[in-house]
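This report refers to the structure that appears directly beneath it.
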Amino acid sequence: LVQSTVMSPEEVRELRDEVHEMFTFTYDSYKLHAFPYDELLPISCKGEDTLGGYALTLVDSMDMLAMLGNATEFSWAVKWLGQNLDFN
């Protein structure tokens, strides 16, 4: 049997706020310690280009920035990527 669990509006708000807080912490850590490298190495807290040198964590974060409504940071990312990302 599959049991369905319905969350209360308060539980939904708490989880939403927790996700927002966790994303913001990790995104800010990436920008502080690893940007514009592809990823943040968690032990050394340094950046590394492991996936081609395309600032892929920034690219990967853009959908979450949009979903969280962070228009300022999303716009900055679009501008930076437009000026610096080149697949040629």
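The values are calculated or read from the model by the stated rules, or taken from the named source; none is laboratory data. Please read all numbers here as calculations on a predicted model, not as lab measurements. Every residue, glycine among them, receives a Cβ derived from its backbone with ideal geometry; neighbour counts consider all protein chains shown. Ligands, DNA and RNA are stripped out before the accessible areas are found, and what is left, the full protein with its side chains, is counted by its heavy atoms. Shrake-Rupley method; radii C 1.70, N 1.55, O 1.52, S 1.80 Å.
Brief remarks on what is shown
- Matching residues, region 29-80, being acidic (Asp, Glu), touching a Leu at 6+ places or on another chain (Cβ under 6 Å) and closer than 21 Å to residue 19 by Cα: 73
- Annotation note: of 80, 76, the sole residue that is modelled with pLDDT of 95 or more and either of a type in the set (Lys, Arg) or open to solvent by 60 Å² or more (accessible area, probe 1.4 Å) (or both) is 76.
- Screening 49, 17, 60, 38 for residues that are free of Cβ contacts under 8 Å to residues at least 12 places away in the same chain and closer than 23 Å to residue 84 by Cα leaves exactly one candidate, 60.
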